[in-house]
1. Rank the residues 96, 288, 186, 247 as a footprinting-exposure proxy: fewest other Cβ atoms within 10 Å of their Cβ go first.
2. Only counting other Cβ atoms within 10 Å, I'd like 181, 249 sorted with the fewest neighbours first.
3. Provide the percentage of antiparallel DSSP beta bridges, counting only those with both residues in segment 167-245; round to the nearest 5.
4. Under 1.5 on a/c is rounded, so check that first for segment 89-163, then, if it is not, pick prolate when a/b is larger than b/c and oblate when it is not; a ≥ b ≥ c are the square roots of the alpha carbon gyration tensor eigenvalues.
5. At 7 Å along the Cα-to-beta-carbon direction for both residue 219 and residue 140, put a label point, then send me their distance in nm to one decimal.
6. Where does segment 167-245 land on the Kirkwood hydrodynamic radius, alpha-carbon pairs, in angstrom?
7. On full extension of the chain, what length is gained from residue 124 through residue 54, given 0.36 nm per residue of separation minus the C-alpha to C-alpha distance?
8. If I stretch the segment between residue 147 and residue 163 completely, what's the gain in nm (0.36 nm per residue apart, minus their alpha carbon distance), one decimal?
C-alpha cells in the first residue's frame, strides 16, 4: 500500500480539520440568514419585517409596547390670587378704637387665629357666627367679613391672612432638591414653578420624568418635554402630588454589538440609529451591519390580519445599515422599552476563521517539511 509523503499527509489533515471546524466553530450571535429561514418555516411562531422607507408608515400604526403610556394635562389660565379652600386656616385681626367694642375688649386690636375653613366652606367668628369664605380670594373674604362685623362693631377694621391648608398646597415627593409640602401662592402655580421652588431637579437623574398624581389618576411626561413645550406646563391643584424620578425604561443589546448590556433611555424618543450609537455600534471583527435585528413582543390584542398590526405577537424587525435607505429608516424607526437589539454574526467571520486554521495548518506543514528534510 502506497504511503503519502509526510507533507501531503499534513496538508490533507489540515484541510479535514478546517472542514470539520466549519460547523463546529463557536459563535456569539446567529447569522441573519438563519433567523429569516426559521421565520419562513411552516411552524415559525414569529414574523420578520424588513425596516424600509415603505414599511415605516405601516409600523407607525402599531401600538407602543413595553411601558405604560401616561397621558398629560395641557396648561390653562387660573386666578392670579390665592383662593380660599376647605382646610385652609385664616388669621383674623380686628382693629377697633371704640372702648366698648365687643371684639377688642378695650384693646386697640385683637387676633383671632386658627379659624379653619370647615367642609361647608365657612369659618366661625365670635359674635358674628358662620361666614362663607370658601372659593373667595382673600380680598373678597376680607370684604365679606368686614360687612358681617360692621353689624356688631361698626367702627372695626378687619385684616385677614391665609395659611394654606391641604387643598391649597401641593406635595413634591422626590427627585427635587428640597421635597416637601409647598403652599400655592395663587391659582397660576404650575409644575415647573413647584419644581423650581423645591430646589430644582436632583442632579444625576437620567432623563427625569414627571409623575402627577391627582384624584387617584396618574399623569406623566418628561422634564425636557415641559421645557420644550411650555403649553404643557400644567396648572397644579390643591392636593396634587408631584414625583420627579429617573426614566426607568430600557432596551437590551446582544450578539456582535460593541456592548452587550441593558441601556437606559437617555431621551423620550430613541430610534434604532440612536440605539446603535448607545450600544457602541457593530463589533468590527464579527458583526454584520447588514443584519441588525430588533426583537419585540406585542400583546395578543395587537395581532391583526391587516397591516394595522403585526400578524404574530413575536416580531423581528430587520435593519440593513449598509445602504442609505436602511440608515434613513433606522433614524425614523422607534425603539420601545424592552426591545432587544441583536447584532448578528457576519457570515464572513466563519470563513475568515477557517482560512486562519488553514494558514496555521500550512505553517504546520512547513514545520513538518523542515523536520523531514
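We did not get these values from a lab; they are worked out from the coordinates using the rules stated. Computed from a prediction, not measured in an experiment: that's the story for all the values here. Every residue, glycine among them, receives a Cβ derived from its backbone with ideal geometry; neighbour counts consider all protein chains shown.
1. Neighbour counts put them in this order, fewest first: 186, 247, 96, 288.
2. 181, 249
3. 85 percent
4. prolate
5. Each label point is offset 7 Å from its Cα along the Cβ direction, giving 2.3 nm.
6. 12.3 Å
7. The span from residue 124 to residue 54 would gain 18.1 nm if fully extended.
8. Length gained between residue 147 and residue 163: 3.6 nm.
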